[in-house]
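The values are calculated or read from the model by the stated rules, or taken from the named source; none is laboratory data. Keep in mind the model is a prediction, meaning the values are calculated, not measured. Cβ: placed from backbone, ideal geometry, glycine included. Neighbour counts: every protein chain shown. SASA here: full protein model, heavy atoms, side chains in, ligands and nucleic acids out. Shrake-Rupley method; radii C 1.70, N 1.55, O 1.52, S 1.80 Å.
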Amino acid sequence: MEDDLLFGESIVDVLEEEGFEVVLCRNGQIALDETYKNHFDLYLLDINVPLIDGLSLLKELRRANDCTPTIYLSSHQEIETLSHAFEIGADDYLKKPFNTDELLVRLHALLRRSKGKERHCVGELCLDELHKCVLMEGKELSLSLKEYQLMALFIQNAGEIVTKEMIMDTLWNPSEMISDGAIRVYINRLKQEIGAELIVNIRGVGYRLVS
């Protein structure tokens with residue numbers, strides 16, 4: 001994501017020469033929309049971009065359980081900005097101007113490190129965090145964003161109780177008023193997808209994915 005067209009296109013040229021397929025986005029809203037339409041292996045983000053800034057964008061992606069490796073390319077050098085970027089989920093940071101060879105070294109290293117973290121499996125259920133999907137017996141489940149977030153929460157806590165509070169914090173903003181009935185709607189939808197016997201109701205507390 002880069003609003004400086006000349007700089008962005010130069011980075012695209014470098015990456016395409018390395019064999020990468022690249023989507024250049026001029027603002028944060030376009031970038032966010034693209035994450036819903038495509039499965040990316042890595043994000044390169046700037047901070048000061050129109051509509052949705054780079055920090056807010058990454059915060060939104062991480063809140064949606066999008067763990068795609070992310071490198072910031074920015075002229076910011078304040079320690080507070082750097083710290084915040086890593087706190088919300090950045091994996092690396094390069095200050096402009098930078099050597100493109102260094103970018104490629106960091107990019108390849110990050111992709112190698114993330115390779116083994118792409119999937120978390122519980123029996124026949126697999127959470128693919130890189131591509132933001134859930135598979136059962138090798139087939140991708142048809143899930144809405146909130147259903148994916150809930151399924152990811154269960155797989156990440158397989159065998160443990162997932163409380164109603166954990167579900168609310170994951171699926172909704174703190175300001176939203178959510179009923180137990182709303183939670184049950186999503187639970188029942190997942191049971192239809194993976195089998196009712198795999199999600200156990202812990203009365204008065206929450207639910208547990210059978211591991």
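Determine, from the Cβ-Cβ distance of Glu80 and Glu176 and an R0 of 35 Å, the FRET efficiency 1/(1 + (r/R0)^6), rounded to the nearest 0.05.
Numbers: r = 30 Å, r/R0 = 0.84.
E(calc), rounded to 0.05, equals 0.75.
Under a Cβ-only charge scheme (Lys and Arg +1, Asp and Glu -1), can you give me the dipole magnitude of the chain about the Cα centre, in debye to the nearest 20?
Working: 22 positive and 37 negative charges, 226 e Å.
The calculated dipole for the chain is roughly 1080 debye.
Can you tell me how segment 38-107 classifies by the Cα gyration tensor, rounded, prolate or oblate, using a/c under 1.5 as the rounded cut?
Numbers: a/c = 1.65, a/b = 1.18, b/c = 1.40.
In terms of gyration-tensor shape, oblate.
In debye, nearest 20, what is the charge dipole magnitude of segment 117-195 about its Cα centre with +1 on Lys and Arg Cβ and -1 on Asp and Glu Cβ, if you could check?
On the way: 9 positive and 13 negative charges, 25 e Å.
Roughly 120 debye, rounded to the nearest 20.
Once you place label points 7 Å from the Cα toward the Cβ at Ile161 and Leu141, how far apart are they in nm?
2.2 nm
Would you mind working out the accessible area per residue for the chain, using a 1.4 Å probe, and quoting it in Å²? Write out the running numbers ahead of the final one.
Working: 11400 Å² over 211 residues.
Using a 1.4 Å probe on heavy atoms only, each residue of the chain averages 54 Å².
Taking all protein chains in place and a 1.4 Å probe, what share, in percent, of the accessible surface of segment 115-211 do carbon and sulfur account for?
Numbers: 2570 of 5360 Å².
C and S atoms contribute 48 percent here.
Take the Cβ-Cβ distance between Asn27 and Leu104 as r, set R0 to 35 Å, and report the resulting FRET efficiency rounded to the nearest 0.05.
Once rounded, the FRET efficiency stands at 0.85.
Can you match Cα Rg over 2.2 N^0.38 Å to one of these, [x] 0.97; [y] 0.93; [z] 1.13, based on a calculation from the structure here?
After the calculation, the listed value that fits is [z].
Determine the gain in length on full extension of the stretch Leu6-Asn38; use 0.36 nm per residue of separation and subtract their C-alpha separation, reporting nm with one decimal.
Numbers: separation 32, 0.36 × 32 = 11.52 nm, distance 2.39 nm.
Working it through step by step, the gained length comes to 9.1 nm.
Each residue of segment 86-95 in order: what ³J(HN,Hα) in whole Hz does its phi give by Karplus 6.51 cos²θ - 1.76 cosθ + 1.60, θ = phi - 60°, with x for Gly and Pro?
6, 4, 8, x, 5, 9, 7, 8, 10, 8
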